[in-house]
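Visitor: Take this structure first; my questions come after.
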Amino acid sequence: QVQLVESGGGLVQLGGSLRLSCAASGSISSIVHMGWYRQAPGKQRELVAATTSSGTINYADSVKGRFTFSRDDAKNTMFLQMNSLKPEDTAVYYCNAWILVPGDYYGEEYWGKGTLVTVSS
């Protein structure tokens, strides 16, 4: 059974930094797509950063220049380095991945349970 587990959230002051991690576990053949999303109170879930089919990273305009997506394929792990944090970055952050398991040629989308990031002013 495939699981995504986030870690690294917490409380940080305006201008601070956090690094989120998301580890995929289970019987995994390959991870086709990975990304981070967030949902602030009373708002819809939105894209933060995600891989594209061309291999580049797509960032939300609101985080460009402040957040950096990275991945360690050997460990099936992705990261989100968040710098210059603002109160408007406060949200639950979710990792997302499209994963193939052995014998599966199409894949399935998985979500983590989320990690809370709170930025105080």
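The values are calculated or read from the model by the stated rules, or taken from the named source; none is laboratory data. Here the structure is a predicted model, which means the values were calculated and not measured. When we count neighbours, we look across all protein chains shown, and the Cβ atoms used for this are built from the backbone with ideal geometry, even at glycine. What goes into the accessible areas is simple: the full protein's heavy atoms, side chains included, and nothing from ligands, DNA or RNA. Shrake-Rupley method; radii C 1.70, N 1.55, O 1.52, S 1.80 Å.
Visitor: Which distance in nm do the two modelled labels at K113 and V101 give, with both placed 7 Å along the Cα-to-Cβ direction?
Guide: 1.9 nm
Visitor: Please report how many Lys pairs in the chain have alpha carbons closer than 22 angstrom, counting only residues at least 8 apart along the chain or sitting on separate chains.
Guide: Working: K43/K64; K43/K86; K43/K113; K64/K86; K75/K113.
Here the count comes out as 5.
Visitor: Measure off, as a whole percent, the carbon and sulfur share of the 1.4 Å-probe accessible area of segment 1-77, all protein chains present.
Guide: Working: 2090 of 4460 Å².
Looking at segment 1-77 in its full context, I get 47 percent from C and S.
Visitor: Given the options L80, G16, A40, identify the residue whose Cα lies farthest towards the positive end of the charge dipole of the chain (+1 on Cβ of Lys, Arg; -1 on Cβ of Asp, Glu).
Guide: Of the options given, the answer is G16.
Visitor: Quick one: accessible area per residue over the chain, 1.4 Å probe, rounded to a whole number of Å²?
Guide: Values: 6660 Å² over 121 residues.
Each residue of the chain exposes 55 Å² on average to a 1.4 Å probe.
Visitor: Counting Lys +1, Arg +1, Asp -1, Glu -1, what net charge surrounds Q39 among other residues with beta carbon under 15 Å of its beta carbon? Walk me through the numbers before you get to the answer.
Guide: Values: positive: R38, K43, R45, K113; negative: E6, E46, E88, D89.
Net charge in that neighbourhood comes out at 0.
Visitor: Any idea how far apart I57 and A23 come out in nm if each label point goes 7 Å out from Cα toward Cβ?
Guide: For I57 paired with A23, the spin-label model returns 2.1 nm.
Visitor: Then there's this: Pop the C-beta distance of Q1 and D72 into the FRET formula with R0 = 35 Å and round what comes out to the nearest 0.05. Let's see the in-between values first.
Guide: Details: r = 21 Å, r/R0 = 0.61.
With a Förster radius of 35 Å, E is 0.95.
Visitor: Also, I was wondering about something else. Using Cα pairs under 8 angstrom and six or more residues apart, how large is the relative contact order of the chain, in percent? Working shown, then result.
Guide: Details: 297 pairs, mean separation 44.7, N = 121.
Relative contact order, the chain: 37 percent.
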